[in-house]
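The values are calculated or read from the model by the stated rules, or taken from the named source; none is laboratory data. If you're wondering where the values come from, they're calculated on a predicted model, not measured in any experiment. Every residue, glycine as well, gets a Cβ built from its backbone with ideal geometry; the counts of neighbours run over all protein chains shown.
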Amino acid sequence: MNTQQRRLILVTLIGAAMLIMTWLASVPIAHSVEPQDEPRDTVGVLSATQATTVYLPLIAREIAHPEVRALWVSRYDWTRYGVTATAADVQLVVSDAVRAGFNTIFFQVRGAGDAYYTPGPEPWASRLTGSLGPTLGRDPGFDPLAMMISLAHQSGISVHAYVNVYPAWQAPPLHPEYPTKTHGLITPTLGLDPPHWLNQLTYVSPNGIHGLKSNWRVHDSITHPMPISWGEYVWASPAVTAVQDSVLTVTAYLLSHYALDGIHLDYVRYPGQQYSYDPFTLAAFSQALALSPTLTFTDWRGDFQRAQVSGLVARIYTQTTGARVLLSAAVWPRYTQGRDEFFQDSKVWLLAGTIDAIAPMMYSTDMITDLVRWTEAAQDFQALASGRWVLPGIGVQSDECVGFDQIATRIQTARALGMAGQAIFSYSALRDCMASGVSYLDLLRAGPYAVPVPVPPVTWKP
């Protein structure tokens, strides 16, 4: 089958999904909405007329099957600069997820070596107490992850702890109006208990653990460590044993202290082709060269770096299998580019059975509104599934909100392709985007998610 024939089939598939959506939307079904005892804020809520007659998908009641309906909830979705987070913020996230019809939440618990749960191996995140650094380690007075799990489970929603893997620190940004003013120190505060991950790797006790100086960071081609820059991540090298072990310590702690349904990995890759020429990687090459004297670094590096990332994924999978929970990962939206430029080989994970689900991040600017390109990528990933779940990422907002029809049609297309579900990015965009005064949360529940379904059975695990 040539490329032109393949694209014709994809366009036909998309057209069929859109015709179904259009026809379903034309069938009004009376649907009573529970009356409210007390008035509440009606911004983004179905109007009285819309609430009386909601256009429910007629066929959906007959053909609804189990699927994953996952919602990414990042730390930026519910915490704000200058405001201390509260339990009510987490309650609202769960309430809105129930309102929209989700059955799975990827809830971020680690941004860059910090914790959105009771420490633990790493200190409380500063965003929980309203800053971008100075309040690192300050107790916010509640445990966001424990509350999320309790409330979500009461509503039948699975919770996966969403962990940024290799970013070790994100320095606060410079003040946008006063370039000489900052939101805090460029490095984490010393003397915390537990120390921040950057300090754990850099120093020895009492300010750290491993004492690796800057050697643990990814290095560029002239062997300079990645600099610590205002507002940017500094990345740890996957080739460093202490880095791998630290991540495993975090995931083990989460699995042993919380009733999770899964671990969800993000940034489980290198930052780019220009990295890493760090001392640990160069030492590994020297060992390989001793065995194969004609070996070149260029030929050797790709497989080595992919093996470091894949090895960590496999070790975390062993942890999650022992705990009887799922392991998933957000992966690069184009498999080949992810493998070659970021050393993330999600196909190997699926084939080796070292991951339960991948969620390709298919909400980049060239996919978020290009349905044919999105469908091609979804189909390519589904072909790699090897019996595991592929959950295509669906974007809600780029520079502005995408039309809700773009979201609904992608959900229908994923179903037509036989995929295990979808993952929508992200909570705050869904909450804020509206069509004719109606929140996208409500449009999901009135349309593609009108019929509640459980997640599919996991047939490959005991």
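The table below gives the values:
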{"read-out": "Pick from segment 291-313, criterion part of a loop (DSSP other than H, G, I, E, B) and surrounded by 10 or more Cβ atoms within 10 Å (Cβ to Cβ), ranking: farthest from the chain's Cα centre (by Cα)", "value": "Ser292"}
{"read-out": "Subset of segment 314-330 [surrounded by 19 or more Cβ atoms within 10 Å (Cβ to Cβ) and without any contact (Cβ under 8 Å) to a residue 40 or more places away in the chain]", "value": "Tyr317"}
{"read-out": "Qualifying residue in segment 207-214 (condition: in contact (Cβ under 8 Å) with a residue 24 or more places away in the chain and on the phi > 0 side of the Ramachandran plot)", "value": "no"}
{"read-out": "Candidate set: segment 336-376, residues that are part of a helix (DSSP H, G or I) and among the small types (Gly, Ala, Ser); chosen: the one surrounded by the most Cβ atoms within 10 Å (Cβ to Cβ)", "value": "Ser346"}
{"read-out": "Filtered residues of segment 214-243 (kept if over 14 Å from Ala171 (Cβ atoms) and surrounded by fewer than 20 Cβ atoms within 10 Å (Cβ to Cβ))", "value": "Ser214, Asn215, Asp220, Ser221, Ile222, Thr223, His224, Thr241, Ala242"}
{"read-out": "Unique residue being among the polar types (S, T, N, Q) and either surrounded by fewer than 15 Cβ atoms within 10 Å (Cβ to Cβ) or over 27 Å from Leu312 (Cβ atoms) (or both) when the list is Thr187, Thr129", "value": "Thr129"}
{"read-out": "Enumeration of residues in segment 202-226 that are within 18 Å of Thr281 (Cα to Cα), of a type outside the set (Gly, Ala, Ser) and assigned to a loop (DSSP other than H, G, I, E, B)", "value": "His210, Leu212, Lys213, Asn215, Trp216, Val218, Asp220, Ile222, Thr223, His224, Met226"}
{"read-out": "Segment 177-189 residues that are over 22 Å from Glu122 (Cβ atoms), paired with ones that are at pLDDT below 80 and not in a loop (DSSP other than H, G, I, E, B) (beta carbon under 6 Å, 6 or more apart)", "value": "none"}
{"read-out": "Set Val163, Val98: member being buried (at least 20 other Cβ atoms within 10 Å of the Cβ), modelled with pLDDT of 95 or more and among the aliphatic types (A, V, I, L, M)", "value": "Val163"}
{"read-out": "Residue check, Tyr427 over 27 Å from Tyr335 (Cβ atoms), among the aromatic types (Phe, Trp, Tyr) and at pLDDT 95 or above", "value": "no"}
{"read-out": "Residues that are within 20 Å of Phe425 (Cα to Cα) and either hydroxyl-bearing (Ser, Thr, Tyr) or assigned to a helix (DSSP H, G or I) (or both), drawn from segment 153-163", "value": "Ser158, Tyr162"}
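Residue-wise test of (1) touching a helix residue (DSSP H, G or I) at 6+ places or on another chain (Cβ under 6 Å); (2) assigned to a loop (DSSP other than H, G, I, E, B).
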site: Thr135; (1), (2): yes, yes
site: Leu145; (1), (2): no, no
site: Leu151; (1), (2): yes, no
site: Ala168; (1), (2): yes, no
site: Thr189; (1), (2): no, yes
site: Gln200; (1), (2): no, no
